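Asker: For reference, the structure I am asking about is given below.
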Amino acid sequence: MIRVYMHDLKAQELNQLFLSGEIKAKEVARYFLQRAHAANSFLGCFLEIFDQQVLEKAELLDKKKELGLPLSPLACVPFSVKDNIHIKDKKTTCASRSLAHFIAPFTASCVKFLEEADALCIGKTNLDECAMGSSTETSAFQKTHNPWNLAYSPGGSSGGAAASLASRSVLFALGSDTGGSTRQPAAYNNVLGFKPSRGFFSRFGLAPMACSLDEIAPMALCSSDMAIICNHLSRPCYLDPFYTQREKPLKPQIEGSLKAKTLGVPWDFLKNLHPYVLKAFQESLSIFTSLGAQIVAIDLKNLEYSLPIYQILSCIEAYSHLAKIDGITFSSSVSSSTPTLDSTIQSRSEGFGQEVKQRLLLGAHLLNIESEKKYHEKALRGQKIIRKIFHEAFQDCSLIALPTTSSKAFKLGALQDPLHMYLQDLFTISANLTGLPALSIPMGFCHEHLPLGLQLIGQEQKEQELFLFSHLFETKTKFIHQIPPLFNKKVL
């Protein structure tokens, strides 16, 4: 007899109950499918829920358990997938009308690895259209709400994935991160969001926004769960030319000390924080100090230029990647008799929303002959300077700490100015420009009981150190155990 509700458990705990025979996979499947449907009615976090597929997979898992066949540490654990990641024979819409009927011809490597580990894919989650946005409001199909307060945004573009996890419809989630698209919503939803080093995970099967910046980015409820998930996601895959084989697997049983470790803080870059964010950040630094870490001031001069550099590079790449959505190749043509150019114009006009159109037009402008040297080449030089700034900063510290966002989540519809929306990613985009690993972890709540996030940025391929800092921080705080009140009950 289970004495706790399944949604109260972490991934490892649920897996252990299944492996020990205390629960059946079919019980788990029914429980989380029910929660997913109920949560979706409040949040709009799922675009599709795979009821039949999940129940069939659970039945096979129960038979596998009865036969004594080997099972992985993720067996029977429910997860969700952002709808810009392919699952064979399922829709990949990227939350865009232009891809509303596109059926994926193959499964992304990251999903394939998790399915082979016998995890249960509950469904595909909502996002900003083509992953362009920071609020999950630009989706062509529905808005997603924050589980902690339905009037607020869950962040974006992986807002649906974060909301599905925070509401405990799943126990981990797959998103993608181009400039903070997983870490910002993770901060707004009180979960962990991780962007790995460049090439740490295969991105084969991800519909990219900006290929040089995009990463598959998981969300989890604790650091040890995240380490297990990462070990499965980082399996070798040579279908992605950027994949880099790592030397050692991450350790799920995270052990170590922060003595002799230094945490760098760019105080000059944090002048305009809201007081409640600054207070929570300082309290978090005090916890690291109590664990033995030393706090040192570092200089990340010129880091404010990372925002325009990111916008230039991401819009140029988005313009290039989305050229294939032309009304002929991938998206539905308006009419077979319409001339090619007219078909492309009409399909894009009707198929794309305002945010995507703005970014594509900017990308087209930045690629014309007059703008190429004025903007694109300067942005590439600026990216190299940002990388050098971080390389120099790591001469003085083990990790860099800063808030994930400068404020709490904002109300849906509150940010109408595109610049204010882009500023949501100010603290996160540098990790994408440099290819460094970054982890957002819960660091408390503001006076309105909305979550806040702390971001740790590590040196390339030093993911284990990020998880050590995060795990020890979790042992001193109780933030990761808090569930939105609306979803902290068995029956929704």
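Asker: So if I average 1/r over every pair of distinct C-alpha atoms in the chain and take the inverse, what Kirkwood radius in Å does that give?
Answerer: 22.6
Asker: Can you show me the helix-derived [θ] at 222 nm for the chain, built from DSSP H runs with n ≥ 4 at -39,500 (n - 2.57) apiece and divided by the number of residues, rounded to the nearest 500.
Answerer: Details: 15 runs with 177 residues, N = 492.
Mean residue ellipticity, 222 nm, calculated: -11000 deg cm²/dmol.
Asker: Starting from the Cα of Asp51, step 7 Å toward the Cβ, then list every residue of the stretch 164-199 with an amide N under 19 Å from that point.
Answerer: Under cut-off, by backbone N: 169-170.
Asker: Over what distance in Å are the Cα centres of the stretch 111-137 and the stretch 448-492 separated?
Answerer: That distance is 20 Å.
Asker: Further, regarding this structure: Give me the distance in nm between label points sitting 7 Å out from Cα along the Cα-to-Cβ direction at Lys324 and Gln282, one decimal.
Answerer: Output for this residue pair reads 5.1 nm.
Asker: Please pull out the direction-averaged projected area of the stretch 386-457, using the convex hull of its alpha-carbon atoms, in nm² to one decimal place. Before the final figure, lay out the partial values.
Answerer: On the way: hull surface 22.8 nm².
Convex hull of Cα atoms, orientation-averaged projection: 5.7 nm².
Asker: Divide the volume of the convex hull of the Cα atoms of the stretch 426-479 by its number of residues and quote the answer in cubic angstrom per residue.
Answerer: 64
Asker: Once you have the Cα-Cα distance between Ala297 and Ile385, take 0.36 nm times their residue separation minus that, and quote the gain in nm to one decimal.
Answerer: Numbers: separation 88, 0.36 × 88 = 31.68 nm, distance 1.98 nm.
Answer, rounded to one decimal: 29.7 nm.
Asker: So what is the diffusion coefficient of the stretch 61-189 in µm² per second by Stokes-Einstein at 20 °C and 1.002 mPa s, using a Kirkwood Rh over Cα pairs?
Answerer: 143
Asker: On to the next question. In a solvent-free Debye calculation with one equal scatterer on each Cα, what is log10 I(q)/I(0) for the stretch 361-410 at q = 0.26, 0.29, 0.32 Å⁻¹, listed in the order of the q values?
Answerer: These q points yield log10 I(q)/I(0) values of -0.90, -1.00, -1.11.
Asker: Within a 10 angstrom radius of the beta carbon, how do Ser314, Ser197, Ser20, Ser406 rank from fewest other beta carbons to most?
Answerer: Fewest-to-most Cβ neighbours within 10 Å comes out as Ser20, Ser406, Ser197, Ser314.
Asker: Let me ask you something else. Give the relative contact order (percent, whole number) for the stretch 91-230; include only Cα pairs under 8 Å separated by 6+ residues.
Answerer: Relative contact order, the stretch 91-230: 20 percent.
Asker: Anything in the chain that counts as a DSSP H helix reaching 24 Å or more along its axis (C-alpha) with Kyte-Doolittle mean of at least -0.5? List them, would you?
Answerer: Helices meeting the span and hydropathy rule in the chain are 25-43.
Asker: Determine, for each peptide in 40-51, 277-288, the mean count of other beta carbons within 10 angstrom over its residues, then list the peptides with the highest first.
Answerer: On the way: 40-51: 20.7, 277-288: 17.8.
Highest-to-lowest ranking by the protection proxy: 40-51, 277-288.
Asker: Once fully extended, how much extra length lies between Lys462 and Lys357, figured as 0.36 nm per residue of separation less the alpha-carbon to alpha-carbon distance?
Answerer: Length difference between fully extended and current span is 34.0 nm.
Coordinate-derived values only; no laboratory data. Everything numeric here is computed off the predicted structure, so don't read it as measured data. When we count neighbours, we look across all protein chains shown, and the Cβ atoms used for this are built from the backbone with ideal geometry, even at glycine.
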